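Working notes, structure below.
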Amino acid sequence: RKEVEQDPGPFNVPEGATVAFNCTYSNSASQSFFWYRQDCRKEPKLLMSVYSSGNEDGRFTAQLNRASQYISLLIRDSKLSDSATYLCVVNRRANDYKLSFGAGTTVTVRA
Amino acid sequence: SQTIHQWPATLVQPVGSPLSLECTVEGTSNPNLYWYRQAAGRGLQLLFYSVGIGQISSEVPQNLSASRPQDRQFILSSKKLLLSDSGFYLCAWSKTGGTSYEQYFGPGTRLTVT
């Protein structure tokens, strides 16, 4: 079983729409969770950390469900510039600085 | 602020040739350093990580090696490239200590082995 699994998509949405997707992780000992954004042929960039209580950063909302071991990302009022691949990332175990990366969910926002 | 540099940006090398990719970090001391490879349509695969000068841990046995000759310099090498070494190579850094595990990536090197 992969450490982090994501629906590869693509999610094709019109501008202004809301899009949401999840990822699941296999190690219940993981304690740090992140969403990264990766544009085509570029490096991944940290989008947001995910906290137990859930957190919001502008149009982006992340949720963590430890019981079911999944993380979600919701994008409201999608912009063309949101088109990218979103990587779900968790640390391998408690207090471990090594991270496991999902293969990514591709989102395409169309005009 | 911290910045991370990688070079070259792209590289085309024949099978059997040597490889040297360099990564440097500015604006921080004693970072953890990482080398990843990303194959097309795949997730990032951790190749090596380092918690200090001369301290290298390998994640995946292969014909690559890494070295950390200075605190903020990380080098990925190979004596003889294979076709399967093609990919997008990314260097990353993270802070040491504390409970913050975010990693920050350099711009990457796209390697094509022909």
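The values are calculated or read from the model by the stated rules, or taken from the named source; none is laboratory data. Model, not experiment: these values are computed from the prediction. Neighbour counts run over all protein chains shown; Cβ positions are idealised from the backbone, glycine included. Heads up: the accessible areas ignore ligands, DNA and RNA and are worked out on the full protein's heavy atoms, side chains in. Shrake-Rupley method; radii C 1.70, N 1.55, O 1.52, S 1.80 Å.
With respect to the conditions (1) open to solvent by less than 40 Å² (accessible area, probe 1.4 Å); (2) assigned to a loop (DSSP other than H, G, I, E, B), A:Ser52 lacks only one, and its number is (1).
The rows are residues; the columns are (1) at pLDDT 95 or above; (2) under 17 Å from A:Asn12 (Cβ atoms); (3) more than 13 Å from the chain's Cα centre (by Cα); (4) not hydrophobic (A, V, I, L, M, F, W, C).
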position	(1), (2), (3), (4)
A:Ala29	no, no, yes, no
A:Cys40	no, yes, yes, no
A:Pro44	yes, no, no, yes
A:Leu74	yes, yes, no, no
A:Asp77	yes, yes, yes, yes
A:Ser81	yes, yes, yes, yes
A:Asn91	no, no, yes, yes
A:Ala94	no, no, yes, no
A:Thr106	yes, yes, no, yes
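Among the residues making up region A:12-49, those that are under 16 Å from A:Ala94 (Cα atoms) and surrounded by 19 or more Cβ atoms within 10 Å (Cβ to Cβ) are A:Tyr25, A:Ser30, A:Ser32, A:Phe33, A:Phe34. Picking from residues in region B:92-106 that are within 9 Å of another protein chain (Cβ to nearest Cβ) and farther than 17 Å from B:Ser1 by Cα, the one that is least open to solvent (accessible area, probe 1.4 Å) is B:Tyr101. Inclusion of B:Leu83 among residues that are touching a residue at least 60 places away in the same chain (Cβ under 8 Å), open to solvent by 70 Å² or more (accessible area, probe 1.4 Å) and under 24 Å from A:Ala103 (Cα atoms) is warranted.
Every condition in (1) more than 13 Å from chain A (Cβ to nearest Cβ); (2) buried (at least 18 other Cβ atoms within 10 Å of the Cβ); (3) of a type in the set (Val, Ile, Thr) holds for B:Thr28 except the one numbered (2). Got at least one residue in region B:26-36 being of a type outside the set (D, E, K, R), touching a Lys or Arg at 6+ places or on another chain (Cβ under 7 Å), in contact (Cβ under 8 Å) with a residue 24 or more places away in the chain and not in a loop (DSSP other than H, G, I, E, B)? Checked region B:26-36: at least one residue is of a type outside the set (D, E, K, R), touching a Lys or Arg at 6+ places or on another chain (Cβ under 7 Å), in contact (Cβ under 8 Å) with a residue 24 or more places away in the chain and not in a loop (DSSP other than H, G, I, E, B). Could you tell me which residue of region B:62-114 is modelled with the lowest pLDDT, considering only residues that are touching a Pro at 6+ places or on another chain (Cβ under 8 Å) and under 24 Å from A:Arg93 (Cβ atoms)? It comes out as B:Thr96. Applying the condition of being at the interface with chain B (Cβ under 8 Å from one of its Cβ atoms) and aromatic (Phe, Trp, Tyr) to region A:81-109 and asking which residue is most open to solvent (accessible area, probe 1.4 Å) yields A:Tyr97. From the list B:Ser17, B:Ser84, B:Ser1, B:Ser65, the lone residue that is within 12 Å of the chain's Cα centre (by Cα) and more than 12 Å from chain A (Cβ to nearest Cβ) is B:Ser65.
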